[in-house]
1. Looking at 12, 30, which one is in contact with a helix residue (DSSP H, G or I) (Cβ under 7 Å, 6 or more places away or on another chain), over 22 Å from residue 114 (Cα atoms), outside any helix (DSSP H, G or I) and not assigned by TED's automatic domain parsing to the domain that holds residue 261?
2. In the list 261, 278, 241, 217, which residue meets the criterion of being touching a helix residue (DSSP H, G or I) at 6+ places or on another chain (Cβ under 8 Å), within 26 Å of residue 8 (Cβ to Cβ) and buried (at least 24 other Cβ atoms within 10 Å of the Cβ)?
3. Among the listed residues 311, 356, 289, 318, which satisfies the condition of being in contact (Cβ under 8 Å) with a residue 40 or more places away in the chain and within 14 Å of residue 66 (Cβ to Cβ)?
4. For region 282-309, enumerate the residues that are under 17 Å from residue 271 (Cβ atoms) and in contact with a helix residue (DSSP H, G or I) (Cβ under 7 Å, 6 or more places away or on another chain).
5. Take residue 49 and decide whether it is outside the structural domain of residue 283 (by TED's automatic domain parsing) and either at pLDDT below 95 or in a loop (DSSP other than H, G, I, E, B) (or both).
6. State whether one or more residues within region 127-147 are in contact with a strand residue (DSSP E or B) (Cβ under 8 Å, 6 or more places away or on another chain) and either at pLDDT below 95 or under 29 Å from residue 63 (Cα atoms) (or both).
7. Across region 6-45, what is the total count of residues that are loosely packed, with under 15 Cβ neighbours inside 10 Å and closer than 15 Å to residue 219 by Cα?
8. Check residue 24 against each of (1) in a loop (DSSP other than H, G, I, E, B); (2) more than 15 Å from residue 63 (Cα to Cα); (3) in contact (Cβ under 8 Å) with a residue 12 or more places away in the chain and name the one condition it does not meet.
C-alpha cells in the first residue's frame, strides 16, 4: 500500500512518524492530512535511511526547496555537490536537481547519494537534453518522455515535477494570449515545442494512468508542474495560466483516487496585489492540495536581487496558504547560481517561510523570535549569534566592527538604549 492508502486506513507509517519530528502537530494529524490530500510526505521506496523526511502541507511549517544542477555552459559536479551541502547546511528542506549539462545520469546519482534531504527532479529535462544531442528536442518520443519519469523514480527521487497540464488546448490558448514572456518554464517549452511539431498530445497527459502507475510503484510524489506559469507580472492571471490550473485540479483528483500523493506547482511572476488571490484560487481548484510556489516574483525589474523579490512574494503567498517555497537566488534571470548564491537564496526564502509561520501562529515560531529578542536585550552576543537563522552572518557581522564597549555594538556604543536603561524597569 502507498503512503496515501496507509493514511486512509488509519495507520501511521515510519515515514510519517519521522516527518512529524519538529512539526507543530502529531503523527496522527499529519497522517490525517495525507489521507485528505492536504499534505504529502515524499519518500521513495528506494531512498536510503540517511536521507531526511519532511512533510509538506496544511498547518505544517512552511518548507523550502533549493534548485541546483549543471548547465550546458557550466558543468562541474564537484561544485554542485558543494551547493547541495551548503543548501542543506543553510536549512533547505529539499533540493531539486535541474541538471541539463554533462552526464545527467551520473550527476543525478552522485547528488542523490550525497543528499541528506528530500530530493526532487524534473524528468523531462533528461529526455529533452538527450533528444537535442540526437538532432533536436523534436526527436523525443512519447516513450522517452514518460520513460524519463520511470528512470528518475527507479533512481530513488522523492518527488518529480511532471508537466501534465500542458495540453494541446492550453498551448493554443497561450499562443493566442500574446504574452509578454510567452512560456518561461523549460519543461513547458520542451513539451510545447514537441507537441506543436508532432501535432500530438502531451504524453504525460495522454498517458497519465501510466504516470500514476510509476508514481505508485516507487512512491514518488507527483509535483504537477506549472508549465504555463506567468513569466512576467503582465502575464499574471491570463487564460493560459488559469486553463492549465484547471487541468491540474482534475489531474490531482485522479492521482489521489489512484493512491498517489500529489502537490501543485504555483505561479511565477505575480504582482503583489494578486498574490493572495492566486493562492486562494489554486487551493480552491485543487481541493486544498499542497501548493509549491516559485517566489512568487512580484516585480520584474530587480535582477541581482530576485532572492529579495521572491522572499517578499513568498512570505505573502505562504501566509495566504502556500506550503512549499522554491528559492530564488541573486543569480535568477542572469546566470547559473554559484555556491554563495545558493546559501543566500536558502536564507532569504527561510526568512519568508518563518515570517509566514509567525503570521499563521505556528507553535514555536514566534517563541524563537522572542528568545532572540531577549538575548539581544540582555546583550548576550555570543548566545544570540548561535540562535539566529544565519549564525555565520551574525558572527561575521559582529566581528567586522569592534565596538567601543564589549557589551554593545558599534552602532550605539555607550549610547546603547538597553544599557542606558539597565538600572530601570523599562
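1. 12
2. 261
3. Going through 311, 356, 289, 318 in turn, just one is in contact (Cβ under 8 Å) with a residue 40 or more places away in the chain and within 14 Å of residue 66 (Cβ to Cβ): 311.
4. 282, 293, 295, 296, 297, 298, 299, 300, 302, 308
5. Working: outside the structural domain of residue 283 (by TED's automatic domain parsing): yes; either at pLDDT below 95 or in a loop (DSSP other than H, G, I, E, B) (or both): yes.
Answer is yes for this residue.
6. The first filter runs over region 127-147 and keeps only residues in contact with a strand residue (DSSP E or B) (Cβ under 8 Å, 6 or more places away or on another chain), leaving none.
No, region 127-147 has no match at all.
7. 2
8. Here residue 24 clears every test but (2).
The values are calculated or read from the model by the stated rules, or taken from the named source; none is laboratory data. Keep in mind the model is a prediction, meaning the values are calculated, not measured. Methodologically, a virtual Cβ is constructed for each residue, glycine included, from the backbone with ideal geometry; neighbour enumeration extends over all protein chains shown.
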